[in-house]
1. Answer yes or no as to whether A:PRO59 is more than 29 Å from B:ALA31 (Cβ to Cβ) and either open to solvent by 10 Å² or more (accessible area, probe 1.4 Å) or not hydrophobic (A, V, I, L, M, F, W, C) (or both).
2. Got a sec? Which of A:ALA19, A:ALA76 is among the small types (Gly, Ala, Ser), over 30 Å from A:PHE158 (Cβ atoms) and at pLDDT 95 or above?
3. Among the strands (runs of 3 or more DSSP E) confined wholly to the range A:266-329, which include 1 or more residues that are more than 23 Å from the chain's Cα centre (by Cα) and crowded, with 17+ Cβ neighbours inside 10 Å?
4. Would it be correct to say that A:GLY225 is in a helix (DSSP H, G or I) and within 20 Å of A:VAL312 (Cα to Cα)?
5. Please work out if B:LEU274 is closer than 19 Å to B:PRO199 by Cβ and either charged (D, E, K, R) or touching a strand residue (DSSP E or B) at 6+ places or on another chain (Cβ under 7 Å) (or both).
6. Taking into account only those residues within the range B:221-233 that are more than 15 Å from B:VAL300 (Cβ to Cβ) and open to solvent by 30 Å² or more (accessible area, probe 1.4 Å), which is nearest to the chain's Cα centre (by Cα)?
7. Tell me, which residue of the range A:31-43 that is farther than 15 Å from A:VAL136 by Cα and facing another protein chain (nearest Cβ under 7 Å) is most open to solvent (accessible area, probe 1.4 Å)?
8. How many of the residues in the range B:235-265 are open to solvent by 30 Å² or more (accessible area, probe 1.4 Å), within 18 Å of B:VAL219 (Cβ to Cβ) and touching a Ser or Thr at 6+ places or on another chain (Cβ under 8 Å)?
2 protein chains.
Amino acid sequence: MPDRLSEFEFIARYLAPLAGEGAYGLTDDAASIAPPAGQDLVLSTDMLSAGTHFFPDDPAGAIARKALRVNLSDLAAKGAKPLGFLLGLALPGDWSEPWLAAFCDGLRHDVGHFDVPLLGGDTVGTRGILTISITVLGLVPAGAMLRRTTAQAGDRIFVSGTIGDAALGLKARLDPAAGWLAALAADERAFLLERYLLPRPRLALAEGARRHARAGMDVSDGFVGDLRKMLAGAGVGATVALDKVPLSQAASAAVAAAPDLFETALTGGDDYELLLAIPAGEAEAFRAAARAADIAVTEVGTVTADPVIHFVAADGADRAFARGSYLHF
Amino acid sequence: MPDRLSEFEFIARYLAPLAGEGAYGLTDDAASIAPPAGQDLVLSTDMLSAGTHFFPDDPAGAIARKALRVNLSDLAAKGAKPLGFLLGLALPGDWSEPWLAAFCDGLRHDVGHFDVPLLGGDTVGTRGILTISITVLGLVPAGAMLRRTTAQAGDRIFVSGTIGDAALGLKARLDPAAGWLAALAADERAFLLERYLLPRPRLALAEGARRHARAGMDVSDGFVGDLRKMLAGAGVGATVALDKVPLSQAASAAVAAAPDLFETALTGGDDYELLLAIPAGEAEAFRAAARAADIAVTEVGTVTADPVIHFVAADGADRAFARGSYLHF
């Protein structure tokens, strides 16, 4: 197809408008940035592959936004402010210019919305399937990155937003004829599908988390497994009240229709909510910061010195989860 | 395969030993680094996909090293010193622990050799083929990154090492029975194959390039096309003496056996040599820096105000190249 877009034209027409200071309009081999004094750089990479992390026929703009947003969610969980990102794009041979245009338009929307410019990247052909790798850079005051493995006994465990929506949205995509879906209103079904398609990185809560939390991560692989990761690294455990774990109206309706979906909600992942351990004395200040950011937060349990996590049901019984989280490979 | 390595074990056993300061032993969701005062960060991403950038049956350690080295080559061309890298790895379902162990062992070799620690990354399963995305970070004194598009008329054009070896090595891999290969000695064939398999990033020349060159890039897509890119961005041209372009003994033997291979050598890419525009008054100092770094450099032409590149053959005639460089997609 000799009239297809060249790499040069793709960069100049679609990517260069997203470029930030120090990226030289993507005409150089590298970006150079002068980090502000007194700030640490926070760095994270997330890779997404078609058929694993998104559906190949998802709207191109939504694929781009999800790839960027899962990275921004890591920044939010570390208490960082976005600085920019680099985009690696492995394109299979059947790409089209309208698809690329839509991909970049989705990216452009979020670059503006989250104020996170493109700093560089690489676009290559692949004999495989669409794969996107984003490295995101953020800033925190020196030494202040919110760590994952620093929770202490007595800390209160908070989560933002609601848990399980995206996992249920994925289940709905995979089996649209499932009985439980019939029990949901149309807008509830749409809400779950949207939550899978388009994560909402909690950047508005990043500073509040950094100021008030002792440890944090984002829930990407499932609430149960991610909590285990966060606490195991600190050698502590927790008591979690399962009836406190915040479910959306749609997820509640799904679980009411099919109680097994509670396990899906708590272990399926793709939530991109914040999971934080907050010293008891900071809990009220954190709640106030969350209110100011207009993000719901819920206390779901307490960190314990005993390195076991008790997930306690409403009837007081411990609940076991066979598989805590999504396995990557 | 329940006895396969888990993601956690893979990170702990194979990747954590490569982690640098600020990477928290890869137990956190992000790295945090404090950039040294007075330095700019240089950032670049290169993505490699099996069957496009390497052969799927190349040794795993060589694949890892190539992925890292093509990124380090960008740092060298920008005059930067390596600081660290992030690794994105999309693994198809048929991976094995010995393969991963060999991949990480190759990486470990280069992490030590080039003093470039692992800062983070992401490993995911893919339904496609092996794809590697590396983002590399380097440092230069503030404002001193060597730019691509800043050459001026009168600058001398230098290249490091020899041109075309990797392109001929690739040709030899694709057609091992080609007649021209029979004209080469066994060690010449081995040299070309090695040059394709394992780039040599010219980091030892990075500081010399930064101090003495006005513009630079690495030759990754082909000497002819990359020179066009470098000069077009500056609105200048050049006169290049084709008989000055440095060829290895092996490449010379190949071209002697099959003259068409000269075009392959000059346009095939994968050289990872430095291409520099050096003010005439700096040429001697640059040569001295290259001698000190024990890297051969060759002056191949001069930048002209006339924005055309004349590739002049030994007989004085202009030579045209139909296809200047490798096309990415």
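The values are calculated or read from the model by the stated rules, or taken from the named source; none is laboratory data. Worth saying up front: this structure is predicted, and the values here are computed from it rather than measured. Every residue, glycine among them, receives a Cβ derived from its backbone with ideal geometry; neighbour counts consider all protein chains shown. With ligands, DNA and RNA removed, areas are computed over all heavy atoms of the protein, side chains included. Shrake-Rupley method; radii C 1.70, N 1.55, O 1.52, S 1.80 Å.
1. yes
2. Among A:ALA19, A:ALA76, only A:ALA19 is among the small types (Gly, Ala, Ser), over 30 Å from A:PHE158 (Cβ atoms) and at pLDDT 95 or above.
3. Answer list for the range A:266-329: A:297-304, A:309-312.
4. It is true that A:GLY225 is in a helix (DSSP H, G or I) and within 20 Å of A:VAL312 (Cα to Cα).
5. For B:LEU274, the condition - closer than 19 Å to B:PRO199 by Cβ and either charged (D, E, K, R) or touching a strand residue (DSSP E or B) at 6+ places or on another chain (Cβ under 7 Å) (or both) - is met.
6. B:LYS229
7. Top of the filtered list is A:ALA37.
8. Count: 2.
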